[in-house]
Amino acid sequence: MGLMTLTAIKNWLKKIAHANEKVTQLHFYLHDIVSCPNPTNIPIVVSNSTARSPTYFGLIAAIDDPLTAGPSPDSEIVGRAQGLFGSTSLEEISYHMSFDFVFTSGKYNGSTLSVIGHNPFLHKYRELSIVGGSGFFRLARGTAILRTLTYNSTTGDAIVEYDDKNEE
């Protein structure tokens, strides 16, 4: 959808009252890379006690993770996950996530989805809230269902599947 003019946005807002709601189902993979010379996940705040915490409590990190069409790191890049997360639990590895899916190719190029929520990382399935968006996803709402496909506890690298059709 790309950049729009103010007039185009105002015209779109006038039409929205008469529009039918659309449902969009997305499926992609997030690659959280910590172990390379150019990591996509970096700590920006670490408390004095974070290193001693088994849950990394107190850590705040920034992400700029690639989103791909398939699970392989060599798959087509469809966007980036950009934002922040904080480790917020003393009892389990759990993060408060606040980030945007920034789409960089295909029909959603230039559009974003805003995601926020509680992510208990070691649970098989997790759910985050979609609280808005831009471009194609303007006024979006819904949920993102995620599960970790691979996690290397030595390097910290992970591949996480985002799919609203995950099944047990």
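The values are calculated or read from the model by the stated rules, or taken from the named source; none is laboratory data. Predicted, not measured: the structure shown is a model, and the values here were computed from it. FYI the Cβ positions are ideal-geometry reconstructions off the backbone, even for glycines, and counts take in every protein chain you see. Only protein heavy atoms, including side chains, enter the accessible area calculation; ligands, DNA and RNA are left aside. Shrake-Rupley method; radii C 1.70, N 1.55, O 1.52, S 1.80 Å.
Structure data summary
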quantity: The listed residue being within 15 Å of the chain's Cα centre (by Cα) and not in a strand (DSSP E or B), out of Ala140, Ala144; calculated: Ala140
quantity: Matching residues in region 46-76 - criterion: being surrounded by fewer than 16 Cβ atoms within 10 Å (Cβ to Cβ) and β-branched (Val, Ile, Thr); calculated: Val46
quantity: The one condition in (1) in contact (Cβ under 8 Å) with a residue 24 or more places away in the chain; (2) closer than 18 Å to Gly156 by Cβ; (3) touching a strand residue (DSSP E or B) at 6+ places or on another chain (Cβ under 6 Å) that Ala62 fails to fulfil; calculated: (1)
quantity: Val34 vs. criteria assigned to a loop (DSSP other than H, G, I, E, B) and not hydroxyl-bearing (Ser, Thr, Tyr); calculated: yes
quantity: Answer residue from region 31-45, given it is without any contact (Cβ under 8 Å) to a residue 60 or more places away in the chain and surrounded by fewer than 14 Cβ atoms within 10 Å (Cβ to Cβ) and is nearest to Glu91 (Cα to Cα) among those; calculated: Val45
quantity: Flag for His27 being open to solvent by 20 Å² or more (accessible area, probe 1.4 Å), within 22 Å of Gly156 (Cα to Cα) and not polar (S, T, N, Q); calculated: no
